[in-house]
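The values are calculated or read from the model by the stated rules, or taken from the named source; none is laboratory data. Remember, it's a predicted structure, so these values are computed and weren't measured experimentally. Glycine also receives a Cβ, built like all others from the backbone with ideal geometry; neighbour counts cover every protein chain displayed. In case anyone asks, the SASA skips ligands and DNA or RNA and just uses the protein heavy atoms, side chains included. Shrake-Rupley method; radii C 1.70, N 1.55, O 1.52, S 1.80 Å.
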Amino acid sequence: MNPILSSIDQKETDCVHLQHKEARWSIEQIQALFDLPFNDLIYQAQSAHRQYHDANTLQLSTLISVKTGGCPEDCGYCPQAARYHTNVEDQDLLSTEEVVSAAKIAKAEGATRFCMGAAWRGPKQRDIAKIAEIIRDVKSLGLETCATLGLLKPGQAEQLKQAGLDYYNHNLDTSPEYYQEIITTRDYSDRIHTLEQVREAGINVCCGGIVGMGESRETRAALIAQLANLDPYPESVPINYLVQVEGTPLYGTESLDLLEFVRTIAVARITMPKAMVRLSAGRRMMSEAIQALCFLAGANSIFYGDKLLTTGNPAIESDRALFEKLGLRTV
Ligand code: SAM
Ligand code: DTB
Ligand code: SF4
């Protein structure tokens, strides 16, 4: 076995921020992965990837914003926060019919997973009833379902589970230390608490973060440590490259080198080998070559369709051309 991997596997360290039973990765160990020569890092990531995944298969996931804008939170990256002046138009919760018709189109285009996002701090009880109906209908189309609705109150995760929700997306976004630079209206422990409720309800956890927010490599390593030390680690890990939207506080942040984004994907793959690692927001800023490197580094899912929640995503035709060039089988 590779000496770096085996030494990391054997060493058990405590996680300073969260009292998880099995903290397995220190920030230093993860930083050592980030610091590897690029070829060594990608080789390790691809080797870890092949232990649990078909290296030439990519899952296609389509996103829809079911409730847009007007959010009371202050996430510095987000165009949907009411307090920032962006071009996003507010939109109330869509009807079940509107969401189902979008889900049918996504399925016809080849997506197998449908992710529904809402610009809420968290859902109210009456929202949960409506969302449950939407989830039931989307699920009945044979699509994997994911929802990202913000912080959950006790009992809500169980209701989502009963409706047939497969995954709940709730990102840690960044390291605990950097978090307060980005968001002040809720704290890290609120996020962890919601993740615990999702886990306890028996819903798969989809949890990742954003890179390119002006953070250091150590901060990226600390984010990955938080994710990898969750016990168990998330089944699904979206890695987003900041989409800079005019009017948000993070607009104008110095762009992160995309090879560092590829490294982040690789480190997520090595530390969470069984997870789906999702190359999420930011693909419009990435060349085909960078995206190919992300797949080589272990990303095995993308958002597919010309829109993310409020911002753009590559056109389906150009994605199909890329899959063809790379010989990727999509599911
Ligand atoms: N309101 C809910 C919440 O924040 O938990 C759910 C929707 S929120 C838009 C879902 C995730 O999208 C955020 O946690 C963040 O990781 C990601 N996101 C939002 N704006 C982004 C941006 N401009 N660039 C990259 N990722 C972004
Ligand atoms: C995730 O980690 N990324 C997606 C999804 N989960 C909900 C959202 C990306 C949003 C990008 C900015 C926008 O389009 O508003
Ligand atoms: Fe609101 Fe979610 Fe955007 Fe934060 S990321 S402002 S909680 S929609």
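Determine whether P249 is outside any strand (DSSP E or B), within 27 Å of T86 (Cα to Cα) and not β-branched (V, I, T). Break it down stepwise before answering.
Working: outside any strand (DSSP E or B): yes; within 27 Å of T86 (Cα to Cα): yes; not β-branched (V, I, T): yes.
So P249 passes the test.
For the range 186-209, give me each residue that is open to solvent by less than 20 Å² (accessible area, probe 1.4 Å), over 25 Å from G76 (Cβ atoms) and either within 16 Å of the chain's Cα centre (by Cα) or within 15 Å of ligand 2 (Cβ to nearest atom) (or both).
I203
So which residues in the range 168-178 are within 16 Å of ligand 3 (Cβ to nearest atom) and open to solvent by less than 30 Å² (accessible area, probe 1.4 Å), if there are any at all? Reasoning before the result, please.
Keep residues of the range 168-178 that are within 16 Å of ligand 3 (Cβ to nearest atom), which gives 168-174, 178.
Once the filter is applied, which keeps residues that are within 16 Å of ligand 3 (Cβ to nearest atom) and open to solvent by less than 30 Å² (accessible area, probe 1.4 Å), the range 168-178 yields Y168, N169, H170, N171, L172, D173, T174.
So Q46 passes all but one of these: (1) within 16 Å of ligand 2 (Cβ to nearest atom); (2) assigned to a helix (DSSP H, G or I). Which condition number does it fail?
Of everything listed in (1) within 16 Å of ligand 2 (Cβ to nearest atom); (2) assigned to a helix (DSSP H, G or I), Q46 misses just condition (1).
For the condition in contact with a strand residue (DSSP E or B) (Cβ under 6 Å, 6 or more places away or on another chain), modelled with pLDDT of 95 or more and not small (G, A, S), what is the one hit in L279, L296? Step through it out loud before you land on a result.
Values: L296 fails: in contact with a strand residue (DSSP E or B) (Cβ under 6 Å, 6 or more places away or on another chain).
Exactly one residue qualifies, and that residue is L279.
So, in the range 306-317, how many residues would count as being part of a loop (DSSP other than H, G, I, E, B) and surrounded by fewer than 23 Cβ atoms within 10 Å (Cβ to Cβ)? Don't jump to the end; show me each part of the working.
Going residue by residue through the range 306-317, those that are part of a loop (DSSP other than H, G, I, E, B) are 306, 308-311, 313-315.
Then drop every residue that is not surrounded by fewer than 23 Cβ atoms within 10 Å (Cβ to Cβ), which leaves 306, 308, 310-311, 313-315.
Of the residues in that region, 7 qualify.
Of all residues in the range 255-289, which are part of a helix (DSSP H, G or I) and among the hydrophobic types (A, V, I, L, M, F, W, C)?
Taking the range 255-289 and keeping what is part of a helix (DSSP H, G or I), we get 258-271, 283-285, 288-289.
Scanning the range 255-289 gives L258, L259, F261, V262, I265, A266, V267, A268, I270, M285, A289.
Out of T62, T86, report the one residue that is β-branched (V, I, T), more than 16 Å from ligand 3 (Cβ to nearest atom) and under 28 Å from Y251 (Cα atoms). Spell out the reasoning first.
On the way: T86 fails: more than 16 Å from ligand 3 (Cβ to nearest atom).
The unique qualifying residue is T62.
Would you be able to tell me the number of residues in the range 100-138 that are closer than 25 Å to M276 by Cβ and part of a helix (DSSP H, G or I)? So that I can check it myself, show each step before the final result.
In the first step, residues of the range 100-138 are kept if they are closer than 25 Å to M276 by Cβ; the result is 100, 102-120, 122-123, 131-132, 134-138.
Going one step further and asking which of them are part of a helix (DSSP H, G or I), we end up with 100, 102-109, 131-132, 134-138.
Going through the range 100-138 one residue at a time, the tally reaches 16.
I'm trying to understand the selection: among the residues of the range 92-118, which are within 16 Å of ligand 3 (Cβ to nearest atom) and open to solvent by 10 Å² or more (accessible area, probe 1.4 Å)?
Restricting attention to the range 92-118, the residues satisfying the condition of being within 16 Å of ligand 3 (Cβ to nearest atom) are 92-94, 115-118.
Across the range 92-118, the qualifying residues are D92, L93, L94, A118.
Within the range 231-246, how many residues are part of a loop (DSSP other than H, G, I, E, B) and open to solvent by less than 20 Å² (accessible area, probe 1.4 Å)? Even if it seems obvious, please write down each step before you answer.
Step one: filter the range 231-246 for residues part of a loop (DSSP other than H, G, I, E, B), giving 231-235, 242-246.
In the following step, the residues that additionally are open to solvent by less than 20 Å² (accessible area, probe 1.4 Å) were identified as 234, 242.
So the count comes out to 2.
Within 27 Å of D90 (Cα to Cα), away from ligand 3 (no atom under 16 Å from the Cβ) and either free of Cβ contacts under 8 Å to residues at least 24 places away in the same chain or not aromatic (F, W, Y) (or both): which single residue out of L165, L152 fits that description?
Working: L152 fails: away from ligand 3 (no atom under 16 Å from the Cβ).
The match here is L165.
Of all residues being closer than 25 Å to A81 by Cα and in contact (Cβ under 8 Å) with a residue 12 or more places away in the chain in the range 252-266, which is surrounded by the most Cβ atoms within 10 Å (Cβ to Cβ)? Just the residue, please.
Residues of the range 252-266 closer than 25 Å to A81 by Cα: 252-256.
Checking which are in contact (Cβ under 8 Å) with a residue 12 or more places away in the chain leaves us with 253-256.
Values: T253: 16, E254: 7, S255: 13, L256: 20.
Top of the filtered list is L256.
State all residues of the range 43-86 that are open to solvent by 10 Å² or more (accessible area, probe 1.4 Å), within 10 Å of ligand 1 (Cβ to nearest atom) and aliphatic (A, V, I, L, M); if no residue qualifies, say none.
Result: L63, single match.
Please specify each residue of the range 139-180 satisfying the condition of being within 16 Å of ligand 1 (Cβ to nearest atom) and either part of a strand (DSSP E or B) or of a type in the set (F, W, Y) (or both).
Going residue by residue through the range 139-180, those that are within 16 Å of ligand 1 (Cβ to nearest atom) are 145-153, 156-157, 160, 165, 167-176, 178-180.
Answer for the range 139-180, where residues must be within 16 Å of ligand 1 (Cβ to nearest atom) and either part of a strand (DSSP E or B) or of a type in the set (F, W, Y) (or both): T145, C146, A147, T148, Y167, Y168, N169, D173, Y178, Y179.
On the phi > 0 side of the Ramachandran plot, within 14 Å of ligand 3 (Cβ to nearest atom) and in contact (Cβ under 8 Å) with a residue 60 or more places away in the chain: does that describe G69? Steps first, answer last, please.
Details: on the phi > 0 side of the Ramachandran plot: yes; within 14 Å of ligand 3 (Cβ to nearest atom): yes; in contact (Cβ under 8 Å) with a residue 60 or more places away in the chain: yes.
When the stated conditions are applied, G69 passes them.
E133 - would you say it is of a type in the set (D, E), open to solvent by 10 Å² or more (accessible area, probe 1.4 Å) and either touching a helix residue (DSSP H, G or I) at 6+ places or on another chain (Cβ under 7 Å) or away from ligand 2 (no atom under 15 Å from the Cβ) (or both)?
Considered against the rule, which asks whether it is of a type in the set (D, E), open to solvent by 10 Å² or more (accessible area, probe 1.4 Å) and either touching a helix residue (DSSP H, G or I) at 6+ places or on another chain (Cβ under 7 Å) or away from ligand 2 (no atom under 15 Å from the Cβ) (or both), E133 comes out as yes.
Quick one: is G247 small (G, A, S) and over 20 Å from C206 (Cα atoms)?
On the way: small (G, A, S): yes; over 20 Å from C206 (Cα atoms): yes.
Yes: the conditions hold for G247.
Looking only at the range 49-75, which residues are under 30 Å from E98 (Cβ atoms) and part of a loop (DSSP other than H, G, I, E, B)? Show your work before the answer.
As a first pass, look at the range 49-75 and keep what is under 30 Å from E98 (Cβ atoms): 58-75.
If the condition is that a residue be under 30 Å from E98 (Cβ atoms) and part of a loop (DSSP other than H, G, I, E, B), then G69, G70, P72, E73, D74, C75 are the ones that fit.
State all residues of the range 124-143 that are under 26 Å from Q59 (Cβ atoms) and free of Cβ contacts under 8 Å to residues at least 40 places away in the same chain; if no residue qualifies, say none. Walk me through it before giving the result.
Start the filter on the range 124-143 by keeping residues that are under 26 Å from Q59 (Cβ atoms), which leaves 131-143.
A132, E133, I135, R136, V138, K139, S140, G142, listed by residue number.
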